[in-house]
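Enquirer: Pasting in a structure now, in structure tokens, and then I'll have a few things to ask.
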Amino acid sequence: MILVTGGAGFIGANFVLDWLAQSNETVVNLDVLTYAGNRENLATLDGDPRHIFVQGDIGDSAVLADLLTRHQPRAIINFAAESHVDRSIHGPEDFIQTNIVGTFRLLEAVRDYWGKLHGDAKQDFRFLHISTDEVYGSLAKDEPAFTENHRYQPNSPYSASKAASDHLVRAYHHTYGLPVLTTNCSNNYGPYHFPEKLIPLMIVNALAGKPLPVYGDGRQIRDWLYVKDHCSAIRRVLEAGSVGEIYNIGGWNEKPNIDIVHTVCALLDELSARLDGHSYREQIVYVTDRPGHDRRYAIDASKLERELGWKPAETFDTGIRKTVQWYLQNQSWVANVQSGAYRAWVEKNYSGRSA
Ligand code: NAD
Ligand code: DAU
């Protein structure tokens, strides 16, 4: 079996669902269920004996030791993290706690567990750490995309905490020989994306008749990958990646934020038109920029393509259409995640931004 952490969040849940759609290998899913963790994402697995959900913290050494001893996983995939840049600006503490201290505790528990394995079990064991392109910092307009050798230059508390966790993972390989793999992926989008992030926020706000808040001039560039393509890349790295290596994951799909928002509006105009016949674009409002806002990310995924033969299945056009359709078909999921805590976050993040 494999152990997944953070498997009730956006990417983790997509990963668990895809894994069990393609394999009968059991998944133990350790997730503390923060505001971003949602059992409803995994509802289709209710009663499925191949999915063992455990509510717990990657920073809890006792829980980790018990889980590892009991289930003896052949691999661990670490998705668990605080993941939203704006939240890290308002309050970095949780990011330090989970992304740095939590990853450290997880590594310690895994080091102990792996140290006691023998033979093939020890040889074949893998710890796969899920990281982000944000650790590389921001690119100027004409700079080449991030390769795995790009220097680390994290700019937000979120990316700094992810960078710290990457360094710990690297050190545990270098010092103790722990068989680690690290992936650094670009921006994901798709089903179950929590509506604090750009694409789901725009869909949800548009349908609710609310403003579509674009930070600064809206010309910042992100490199977008459909979440299921991220999951297929992770499966491929787990299967064939070389121990100690880093693999960048991306879809060669750079777009300015304002273009993303226009695309979302155009799809909604087509699939769920406003009753007054006007375009959702009329709801766009430019608001005060994110402090320290990174201008451009771009991933060079050629190592993964060349060495492991991975390619994304979706283009941006097919992926974004599927995504908008998913939100239109899953409005009860949207309603259920818009709790009081969600509304308090929206108020905190947007009320102080002048238009
Ligand atoms: P998310 O915020 O949607 O989900 C995070 C999950 O981790 C939640 O289920 C949460 O409950 C759980 N969690 C948080 N703290 C925990 C703890 N201490 N112990 C156990 N579980 C905990 O995040 P996501 O967007 O799915 O991102 C998953 C991973 O992928 C993160 O490591 C993130 O840095 C990385 N990543 C995300 C993107 C993206 O575009 N979303 C891109 C590249 C990399
Ligand atoms: O690059 C990978 C990263 O992508 C991941 O590591 C993070 O976990 C993930 O959250 C994401 O970070 P970003 O900051 O790029 O994503 P976000 O969706 O928050 O913002 C995308 C862009 O849209 C960014 O330039 C900020 C802008 N934006 C965002 C929001 C929420 C807006 O203009 N308005 C908004 O309301």
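The values are calculated or read from the model by the stated rules, or taken from the named source; none is laboratory data. Bear in mind that the values here come from a model prediction, so they are computed numbers and not experimental data. Reconstructed Cβ throughout: ideal geometry from the backbone, glycine too, with neighbour counts over all protein chains shown. Just so you know, the surface numbers come from the protein's heavy atoms only, side chains and all, with ligands and any DNA or RNA stripped out. Shrake-Rupley method; radii C 1.70, N 1.55, O 1.52, S 1.80 Å.
Enquirer: Is it true that some residue in region 56-63 is under 22 Å from residue 233 (Cβ atoms) and of a type in the set (Ser, Thr, Tyr)?
Expert: Checked region 56-63: no residue is under 22 Å from residue 233 (Cβ atoms) and of a type in the set (Ser, Thr, Tyr).
Enquirer: Determine whether residue 180 is more than 21 Å from residue 10 (Cβ to Cβ), touching a residue at least 24 places away in the same chain (Cβ under 8 Å), buried (at least 22 other Cβ atoms within 10 Å of the Cβ) and more than 16 Å from ligand 2 (Cβ to nearest atom).
Expert: Criteria met by residue 180.
Enquirer: Enumerate the pairs (first residue in region 146-170 and of a type in the set (Asp, Glu); second residue anywhere and surrounded by fewer than 20 Cβ atoms within 10 Å (Cβ to Cβ)) with beta-carbon separation below 7 Å, excluding pairs fewer than 6 apart on the same chain, so at least 6 apart or on different chains.
Expert: From residues that are of a type in the set (Asp, Glu), the pairs are 148/303.
Enquirer: Mind checking which residues of region 209-239 are assigned to a loop (DSSP other than H, G, I, E, B) and of a type in the set (Lys, Arg)?
Expert: 210, 219
Enquirer: Let me ask another. Determine which member of the set 322, 255, 348, 303 is under 20 Å from the mean Cα position of the chain (by Cα), part of a helix (DSSP H, G or I) and among the charged types (D, E, K, R).
Expert: The unique qualifying residue is 322.
Enquirer: Could you check region 16-31 and list, in sequence order, the residues that are among the β-branched types (Val, Ile, Thr) and crowded, with 20+ Cβ neighbours inside 10 Å?
Expert: Scanning region 16-31 gives 16, 27, 28.
Enquirer: Related question: Does at least one position in region 219-242 carry a residue that is open to solvent by 40 Å² or more (accessible area, probe 1.4 Å), among the polar types (S, T, N, Q) and away from ligand 1 (no atom under 16 Å from the Cβ)?
Expert: Within region 219-242, one or more residues are open to solvent by 40 Å² or more (accessible area, probe 1.4 Å), among the polar types (S, T, N, Q) and away from ligand 1 (no atom under 16 Å from the Cβ).
Enquirer: Also, I was wondering about something else. Given the structure, is residue 86 over 23 Å from residue 246 (Cα atoms) and either near ligand 2 (Cβ under 10 Å from one of its atoms) or among the basic types (Lys, Arg) (or both)?
Expert: Yes: the conditions hold for residue 86.
Enquirer: Has region 58-70 got at least one residue that is loosely packed, with under 14 Cβ neighbours inside 10 Å, closer than 23 Å to residue 101 by Cα and away from ligand 2 (no atom under 16 Å from the Cβ)?
Expert: yes
Enquirer: Continuing with the same structure: Select from region 24-51 the residues that are among the hydrophobic types (A, V, I, L, M, F, W, C), free of Cβ contacts under 8 Å to residues at least 40 places away in the same chain and either at negative phi or within 16 Å of ligand 2 (Cβ to nearest atom) (or both) and list them in ascending order.
Expert: Those that are among the hydrophobic types (A, V, I, L, M, F, W, C), free of Cβ contacts under 8 Å to residues at least 40 places away in the same chain and either at negative phi or within 16 Å of ligand 2 (Cβ to nearest atom) (or both): 27, 42, 43, 45.
Enquirer: Here's a follow-up. Would you mention how many residues in region 194-203 are of a type outside the set (Phe, Trp, Tyr) and open to solvent by 10 Å² or more (accessible area, probe 1.4 Å)?
Expert: Looking only at that region, the number is 2.
Enquirer: Of the residues 122, 141, which single one is away from ligand 1 (no atom under 16 Å from the Cβ) and touching a Gly at 6+ places or on another chain (Cβ under 9 Å)?
Expert: None of the other options fit; the residue is 122.
Enquirer: So which residues in region 204-218 are closer than 13 Å to residue 265 by Cβ, open to solvent by 10 Å² or more (accessible area, probe 1.4 Å) and within 8 Å of ligand 2 (Cβ to nearest atom), if there are any at all?
Expert: Across region 204-218, there are no qualifying residues.
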